[in-house]
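Contents: one structure, followed by commentary.
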Amino acid sequence: MDIIETINKINETYEYVYDTYGFAYGKPDPNETFMSGFCYEYFNILHRFFPSAKLMMQNDKMHCAALIDDDIYDVMGKRCDKLNFHEATGADIEYIYKRFGMFPLGFKDILNICLRKNMLIKSNCYTKKRKKQPQI
């Protein structure tokens, strides 16, 4: 599975889910959301598709990303500043849980369902919401 293609598909799926269901804490643009406190959620998504991914913490503790095949990736794609990251320690993970955002469970569930459909089944879940049938 190509990493950049996967990142693009994740971002497209996020945009679809946001547009369809909304998300009170995030922004419509996945780059803004995942670069503004929800980077650990993005790592978890990437880790699902690349189980060997390692959690990397930016040296200033302002961002985390995934180490995959000796390169660092986040919502923006491949990062060129590998030396600004270190493998996350237990203290880093504790910091992440205290400081970084986590998706509300309902939004996370919908996003996961659509990701599964789009990535694993190779079909898009970009279907229009069904209109309510008129009451007769």
- line: Counting only strands (runs of 3 or more DSSP E) entirely within the range 42-101, those with at least 1 residues that are among the small types (Gly, Ala, Ser) are 64-68
- prompt: Yes or no: residue 9 within 23 Å of residue 120 (Cα to Cα), of a type in the set (D, E, K, R), free of Cβ contacts under 8 Å to residues at least 60 places away in the same chain and open to solvent by 20 Å² or more (accessible area, probe 1.4 Å)?
  reply: no
- request: Please work out which residue is farthest from residue 45 (Cα to Cα), limiting yourself to the range 106-136 and to residues that are outside any loop (DSSP other than H, G, I, E, B) and modelled with pLDDT under 80.
  value: 120
- prompt: Restricting the range 28-68 to residues that are closer than 13 Å to residue 11 by Cβ and polar (S, T, N, Q), which is most open to solvent (accessible area, probe 1.4 Å)?
  reply: 31
- prompt: Does any residue of the range 32-41 turn out to be modelled with pLDDT under 90 and of a type in the set (A, V, I, L, M, F, W, C)?
  reply: no
query: Applying the selection to the range 16-42, what residues are of a type in the set (Phe, Trp, Tyr) and within 27 Å of residue 87 (Cα to Cα)?
result: 34, 38, 40, 42
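The values are calculated or read from the model by the stated rules, or taken from the named source; none is laboratory data. These numbers were taken from a predicted model, which means no experiment stands behind them. A quick note on method: Cβ atoms are made from the backbone with ideal geometry, for glycine too, and the neighbour counts reach across all protein chains shown. All accessible areas refer to the heavy atoms of the entire protein, side chains included, with ligands and DNA or RNA removed. Shrake-Rupley method; radii C 1.70, N 1.55, O 1.52, S 1.80 Å.
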